[in-house]
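Let me begin by presenting the structure, written as structure tokens, before commenting on it.
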Amino acid sequence: MLDTRLEELTLTEEQFRRISDLVYDYCGINLHDGKKELVRSRLAKRLRTLKIRSFEDYLAYALKDPSGREFTHLIDALSTNLTSFFREPQHFAYLHEYFYPALLARKRAAKQWRIRAWSAGCSSGEEPYSIAISLLDALEGQGRWDVKILATDLSTQVLARAREGVYEAARVAPLTGMQKQRYLIRRDQGASFEVAPVVRSMVVFARLNLMQPWPVHGPVDFIFCRNVMIYFDKPTQQRLVQRFWDLLDAKGLLFTGHSESLTGVQHRFEYVQPTIYAKP
């Protein structure tokens, strides 16, 4: 009887608005009216797991949990996480062909051997690991460098998968044969691959709400914030872009997603090419 009732969970307009306001106030994600069914279906799974009979009861439960864990589950359920290795390859091509050579030349001239990058919205880890692999390829034969990539996400679930660093063979298909040999460890007769220690050592994973204070010490050489800002309204995007500007080093780059641009957002970045912006 319980399962039948849970199948018929109804999310009222007032409940949807309360959830939307909670999520927006907490992390800036804008759940507009077209997202009501998405919210209902994703949270319904959590209600079934907890055997809670209504969204009203679930909201009370999540907000009264003194540990905050259930509210984290709510945010996790409503976060969209889609990624892949070397997604949007034009970004990595630009890094290799133009940005890395100029960056390394400037660093060597200044006798600075420190490189810092940030994957803001790292999902299950493919993006920061791709950045690490691209840097290892660029630095081959260049001596020892102090390289760290901060990888952050709002979702604790995807961060757990990212830290594990194990992917099915189909997920690592974008890597070349040489990259797989150098940077991955075969498991289960090649059915899955584990990210090698040389790559893992470059990446630091952490949970971070982009709307809250950042425990990030700049300057940062480049930032990937791809397919994240599409979930924010324009005022939130503008505040976020300004904070990225403040954190980036001179000549640093900001990469956004293929469906994102800074049109309509006041900023001081120079346009490089679609979805790539430079701080002069």
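The values are calculated or read from the model by the stated rules, or taken from the named source; none is laboratory data. These numbers were taken from a predicted model, which means no experiment stands behind them. Heads up, the Cβs are rebuilt from the backbone with ideal geometry, glycines too, and the neighbour counts pull from every protein chain shown.
All of (1) at pLDDT below 90; (2) within 29 Å of P213 (Cα to Cα) hold for G34 with one exception: (2).
For the range 11-44, residues that are within 28 Å of the chain's Cα centre (by Cα) and surrounded by fewer than 12 Cβ atoms within 10 Å (Cβ to Cβ) total 6.
So, M211, is that one in a loop (DSSP other than H, G, I, E, B) and not aromatic (F, W, Y) or not? Full working, then the answer.
On the way: in a loop (DSSP other than H, G, I, E, B): yes; not aromatic (F, W, Y): yes.
Judged against the criteria, M211 is a match.
Sub-7 Å Cβ pairs linking a first residue in the range 111-130 that is without any contact (Cβ under 8 Å) to a residue 12 or more places away in the chain to a second residue that is in a strand (DSSP E or B) and surrounded by fewer than 21 Cβ atoms within 10 Å (Cβ to Cβ), at least 6 apart or interchain, number zero.
A residue that is aliphatic (A, V, I, L, M) and under 30 Å from A170 (Cα atoms) occurs somewhere in the range 94-106. Have a look at Y94, Y98, Y61 and point out the one that is in contact (Cβ under 8 Å) with a residue 12 or more places away in the chain and among the hydroxyl-bearing types (S, T, Y). Only one candidate passes the filter, namely Y94. When R48, R40 are checked against the criterion of being part of a helix (DSSP H, G or I), of a type in the set (K, R) and either touching a residue at least 60 places away in the same chain (Cβ under 8 Å) or more than 26 Å from N209 (Cβ to Cβ) (or both), R48 stands alone in meeting it.
One line per residue, one yes/no per condition, for (1) exposed (fewer than 14 other Cβ atoms within 10 Å of the Cβ); (2) of a type in the set (G, A, S); (3) under 25 Å from D33 (Cβ atoms):
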| site | (1), (2), (3) |
| --- | --- |
| W245 | no, no, no |
| K251 | no, no, no |
| L254 | no, no, no |
| S259 | yes, yes, yes |
| T263 | yes, no, yes |
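Looking at S119, S124, S134, S130, just one residue is touching a Lys or Arg at 6+ places or on another chain (Cβ under 7 Å) and under 15 Å from R200 (Cα atoms), and that residue is S124. Screening D146 with (1) in contact with a Lys or Arg (Cβ under 7 Å, 6 or more places away or on another chain); (2) surrounded by 14 or more Cβ atoms within 10 Å (Cβ to Cβ) gives one miss only, at (2).
Of all residues in the range 54-74, which are modelled with pLDDT of 90 or more and either assigned to a loop (DSSP other than H, G, I, E, B) or hydroxyl-bearing (S, T, Y) (or both)? Scanning the range 54-74 gives S54, Y58, Y61. Considered as a group, the residues in the range 131-158 that are over 21 Å from P219 (Cα atoms) and at pLDDT 95 or above include one that is farthest from the chain's Cα centre (by Cα), and that residue is D137.
Figure legend. Inter-residue proximity from the range 232-243: first residues in the same structural domain as T263 (by TED's automatic domain parsing) and farther than 15 Å from D21 by Cβ, second residues among the basic types (K, R) and loosely packed, with under 15 Cβ neighbours inside 10 Å, beta-carbon distance below 7 Å, spacing 6+ or different chains. No pairs are indicated. Counting only residues that are surrounded by 13 or more Cβ atoms within 10 Å (Cβ to Cβ) and of a type in the set (A, V, I, L, M, F, W, C), which one in the range 64-92 is nearest to Y277 (Cα to Cα)? Per the criteria, the residue is F92.
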